[in-house]
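Just below is one structure, and these are the notes that go with it.
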Amino acid sequence: MKKILLLTSIVVVLASCINKNNETAKANLDIIPVPQTMIVNSIENGFILDSKTVIVSNNSENQFNAEFLQSHLENIFKKDIEILVETQERVSNNSINLNIIDETQCEEMGIVNDKEAYLLSVTLDEINIFAIDAAGIFYGIQTLIQMMPNEVYSENANKIAAVDIPCMNIVDNPRFKYRGLMLDCSRTFFDVDYIKHLLNGLAHYKINNFHWHLADDQGWRIEIKQYPKLTELGAWRGANELLMPAYGSGNERNGGFYTQEEIKDIVKYAADRNINIIPEIDLPGHSKAVAVTYPEIVCDIDSKHLSVQGESNNVWCVGREDNYVMLENIIKEMTELFPSKIYHIGADEVNMNSWRDCDVCQSLMKEKDMKELVELQNHFVRRVEKILAKHGKTMAGWDEILDGGDLLETTIPYVWQNSERGIKSVKAGQPTVMQVSQYMYFDMKQSPDERGLKWAAIIPLDSVYAFDPIGHFELTKEEEKLILGPQGGLWTECGQVPGYAHYQLFPKVLVLSEIGWSAYEDRNLEHFKKRLFDSHLERLYQMDFEFRVAPPTVKYEDGKLIADKDYEELVIRYTDDKSTPTLESAEYTEAISTDKPENYRFATFYKERSSIARGAQNIELYHYQKPNTTVTSNVPMEQDIDILADYNMNTYCYTARPVEAGDYFLYTFENPVECEKILVGTGHYGLAIVGLPNAVLEYSYDGENFIKGDTFVYDYFDGYKAEIYPEKAVKAVKIVVTGIGECEYAILQDLRIE
Ligand code: ACM
Ligand code: ZN
């Protein structure tokens, strides 16, 4: 932030702001994203906003804005707030004026010529928001709403009599024109209300693009009238469906889709809030959901080539001319639903090998004199690019679209693999969006012992804040201009139930907001965290976002357990029996002396919300036995099956085919093992995916006669697991599969013997 000693002046303002009575709330100045310029003029008096304040609009384009502000103010004051148009006579000056002005006026006021820029001015008598466009007015309103007490977010909140706002000027505009969030609604279906609620949060933090990942291997989510099977069959996963079950959903049917009416409703809802919705259908790979419903779209071979995610036969045939007819028909219907200029076609992670085995693809290669398969990919991308251009759309795709040939100069690569791909993109002259996975993949773990993926990186909030879309590369000014802005993304193939999706998204969305909007020089992690913790966690709570509560750091030193937390308002609770702390657990107030540190678990709480439970991070929490063990199975495995007996949870063993009823995995101990408990997990440890939803655990004291134990049940962290508590030494345990798995393969784990 420029031109003012912000922190000192705000502190003075707040300290001198004496409530007129108990019900007058002070304005909150912890704005996220931090504005470009914020000048607090007066420290003595402020504007008193109350139920008599009227909203005055000078332009019919402000209709939604005025009503949006009105409903928020009514939450505070519990009275009807009046909206007037400028020509109506006003009884007092007690007003908030929404002024759409022209370019010349903007220039005179020092407002940047940008439809999202605004000037928010607070004087003793009135508040004015000036902007060249309704979008800027909307953002001025969002800034004003952030100054209101937390009651602003909820109809059910307590009444407040007035809000005292210091006189000030905020002149603000975004650093980047594009500030996006991508949500994968294919792997996990999120319903209409969930999407709208999320859009509210994005709008509050001035994020202006929602990249809606609507089609992938695990589900097609847009109703297309000409191809009804896409959603009749391709939107559903389960034991009796064409698509394999969703992780964690067992044998239940899982999925859903958005009707065309619902999509129109969501698009309008977003547009009112200055959010453009970019649809993505992922092509030509990631297309299992299409391939199971219209199998003719893939190469006419039985391909054994697997995608990175383990799917086969999920790639559109490039040489099949009818595919482009179908794609144009689909795109035509989409253009009736999505006014967005940008349409995203994925194009990531295509296993191109099936094109090598396909006669039709091969003859196209020959005809076009292509040497590499990647040129076929470029051919496909260019064909779709052309269809989109015909319908007035600009194509976007993941950064693989940079490979294998040229693109139209308007086409937008979305960089995900690494920052260097961003350099490649702008050096090729392409406008570019930066969703660099090492920073902006919100499905990654936030610390080593939390749930989530980690192939890109373990990404704590601080790392996201450190990301800059332009980076510190040697780019010319022209190249820098090609970087449209940052985007955060949440992939949901790891069984992200809606609450967990919020956990991964918030508060990182607020970081994204500041990266995208605020001036680079004004970014300050400590200042951001202060605003976040002092004000915005509670705002997120009031807006009903299930944000992540940062777990405590815990260490064991000199016979004492010492726990620490990110900020003062969090409460640390603990247990001494390895159980997960609850609201009823003891509060941690000082170091705990103990010689059994492995039995303690700690968690931080924000109100009733808690972090993950954590033990001391510098000691081994579990002392698993490691007896000599032999593992056998009737199922062929991708890796040496012996690694299931190396007692290293970081080595995995995958089946080389889908599991089926009757399959078994037998763990036999060299000598019977005395133990309290054996935990048998399946699937990817710490991710709860690719386990065995249909299986029973058996165990034997003599290695011959087996006793039936528990069936495998789903655990949010561990995936499908079963436990036994034997009465005497155990000679063997056996997993017996009773039905299908979760994927085209299954993952087995080492035993955890205590
Ligand atoms: C991607 O993560 N495959 C874009
Ligand atoms: Zn083909």
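The values are calculated or read from the model by the stated rules, or taken from the named source; none is laboratory data. Predicted model, so just to flag it, every value in this text is computed and none were measured. Backbone-built Cβ (ideal geometry, glycine too); neighbour counts: all protein chains shown. When the accessible area is computed, the model is the full protein with side chains, heavy atoms only, and any ligands, DNA or RNA have been set aside. Shrake-Rupley method; radii C 1.70, N 1.55, O 1.52, S 1.80 Å.
Summary of values
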item	result
Positions within region 655-667 being more than 25 Å from residue 312 (Cβ to Cβ) and in contact with a Gly (Cβ under 6 Å, 6 or more places away or on another chain), in sequence order	none
Any hit, region 231-251, residues being modelled with pLDDT of 95 or more and touching a helix residue (DSSP H, G or I) at 6+ places or on another chain (Cβ under 8 Å)	yes
Residues of region 702-754 satisfying the condition of being in contact with a Gly (Cβ under 6 Å, 6 or more places away or on another chain), part of a loop (DSSP other than H, G, I, E, B) and either open to solvent by 20 Å² or more (accessible area, probe 1.4 Å) or among the β-branched types (Val, Ile, Thr) (or both)	744, 745
Some residue of region 430-446 being over 23 Å from residue 279 (Cα atoms) and away from ligand 1 (no atom under 14 Å from the Cβ)	yes
So residue 313, is it away from ligand 1 (no atom under 16 Å from the Cβ), in contact (Cβ under 8 Å) with a residue 40 or more places away in the chain and either over 18 Å from residue 222 (Cβ atoms) or not acidic (Asp, Glu) (or both)	yes
Members of region 48-86 found to be touching a helix residue (DSSP H, G or I) at 6+ places or on another chain (Cβ under 6 Å), open to solvent by less than 20 Å² (accessible area, probe 1.4 Å) and in a loop (DSSP other than H, G, I, E, B), listed by number	81
Any pair with Cβ under 6 angstrom, 6 or more apart, that starts in region 727-754 at a residue that is without any contact (Cβ under 8 Å) to a residue 60 or more places away in the chain and ends at one that is open to solvent by 10 Å² or more (accessible area, probe 1.4 Å)	728/701; 729/672; 729/674
Scan of region 87-139 for residues that are surrounded by 17 or more Cβ atoms within 10 Å (Cβ to Cβ), in contact with a strand residue (DSSP E or B) (Cβ under 6 Å, 6 or more places away or on another chain), not in a strand (DSSP E or B) and not hydrophobic (A, V, I, L, M, F, W, C), ordered by number	136, 139
Tally, over region 549-580, of residues that are out of contact with any strand residue (DSSP E or B) (no Cβ under 9 Å at 6 or more places or on another chain) and within 24 Å of residue 459 (Cα to Cα)	2
Of all residues making up region 550-598, the number that are assigned to a loop (DSSP other than H, G, I, E, B), touching a Pro at 6+ places or on another chain (Cβ under 9 Å) and charged (D, E, K, R)	2
Subset of region 684-701 (residues that are open to solvent by 10 Å² or more (accessible area, probe 1.4 Å) and under 14 Å from residue 660 (Cα atoms))	693, 694, 696
Criterion: surrounded by fewer than 22 Cβ atoms within 10 Å (Cβ to Cβ) and among the hydrophobic types (A, V, I, L, M, F, W, C) - qualifying residue of 171, 152	171
Residue under evaluation residue 177, criteria (1) more than 27 Å from residue 348 (Cα to Cα); (2) open to solvent by 10 Å² or more (accessible area, probe 1.4 Å), criterion not met	(1)
Qualifying position, being away from ligand 1 (no atom under 16 Å from the Cβ), of a type in the set (Asp, Glu) and either at pLDDT 95 or above or surrounded by 24 or more Cβ atoms within 10 Å (Cβ to Cβ) (or both), among 385, 400, 349	385
Test: residue 421 is open to solvent by 20 Å² or more (accessible area, probe 1.4 Å), basic (Lys, Arg) and within 16 Å of ligand 2 (Cβ to nearest atom)	no
